[in-house]
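Right, one structure below, let's go through it.
The values are calculated or read from the model by the stated rules, or taken from the named source; none is laboratory data. No experiment lies behind these values; they were computed from the predicted model shown. Note: ideal-geometry Cβ built from the backbone for every residue, glycine included; neighbour counts use all protein chains shown. Side chains included, ligands, DNA and RNA excluded: accessible areas come from the protein's heavy atoms. Shrake-Rupley method; radii C 1.70, N 1.55, O 1.52, S 1.80 Å.
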Amino acid sequence: MKIGILISTNDPETLWNAFRFANLCLNTDVTNEVSIFLNAKAVAYEEADSKQFNIKELAKAFVLSDGKLLACGKCLGFRGLEENEVCRKGSQKELYEMVTTSDKLLCF
C-alpha cells in the first residue's frame, strides 16, 4: 500500500503527530511506501522542533526508514529556506503524483 501525507501547518503538535504516524506506517507489514509533502507553513517544520515535540528527530528517522520527504520549493523560497539532507525541494508535479498514485491520502 502507498500512503501519501500532505501537511500544511506549522503547528508543532500536529507536525509531531503526522511524523509519528508516518513512521508507524513505515513499520507495518501492510505499507510499502510512505511519502510526506510539506506545503505552505509546514515547510518550516524544523522551527517547530522542541524538547516536547522532537520533530527533527522524527523527520530524520522517517527518511532513514526509506520514507520520502518533500517540501514545496516555492514555499521554501518565500521563507528563505532551502532543501537539506533530510527534506528535499519538491514541485507541484510531485505533489500531483503523490496524490494520484497513493492508495490512501491524509491531510494534516
Quiz prompt | Helical mean residue ellipticity (222 nm; -39500 (n - 2.57) per DSSP H run of 4+; nearest 500) of the chain | solution = -11000 deg cm²/dmol
Quiz item: Among T100, V86, L24, whose Cα sits farthest toward the positive end of the charge dipole of the chain (+1 at Cβ of Lys/Arg, -1 at Cβ of Asp/Glu, about the Cα centre)?
Solution: T100
Quiz item: PRE reach from L24 (point 7 Å along Cα→Cβ): which of segment 65-108 fall under 15 Å by backbone N?
Solution: 106-108
Practice problem: Report the local net charge at L15: Lys and Arg +1, Asp and Glu -1, summed over other residues whose C-beta lies under 14 Å from its C-beta. | Solution: -2
Quiz prompt | Cleavage-rule hits, trypsin sites (Lys or Arg not before Pro), segment 37-108, DSSP coil, Cβ neighbours within 10 Å at most 10 | solution = K51
Self-check item: Under-5 Å amide H pairs with L106, H placed in peptide plane, nonlocal only
Solution: G4, I5, L6
Quiz item: Taking all protein chains as present, what is the carbon and sulfur share of the accessible area of segment 1-83, in % to the nearest whole number, probe 1.4 Å?
Solution: 47 percent
Quiz prompt | Under 23 Å between alpha carbons - lysine pairs in the chain that sit 8 or more apart or on different chains | solution = 28
Quiz item: Taking GluC sites (Glu not before Pro) as exposed when DSSP calls them loop (any state but H, G, I, E, B) and at most 14 other Cβ atoms lie within 10 Å, what is the longest stretch of the chain free of them, the sites themselves excluded?
Solution: 1-81
Quiz prompt | Size of electric dipole in the chain: Cβ of Lys, Arg +1 and of Asp, Glu -1, about Cα centre, debye, nearest 20 | solution = 200 debye
Quiz item: What Cys residues in the chain have no fellow cysteine's beta-carbon under 4.7 angstrom?
Solution: C25, C87, C107
Exercise. Compute the distance in nm between two label points, each set 7 Å from the Cα along the Cα-to-Cβ direction, one at T14 and one at N54.
Key: 2.4 nm
Quiz item: S35: net charge of surrounding residues, Cβ under 10 Å, Lys/Arg +1, Asp/Glu -1, itself excluded?
Solution: -1
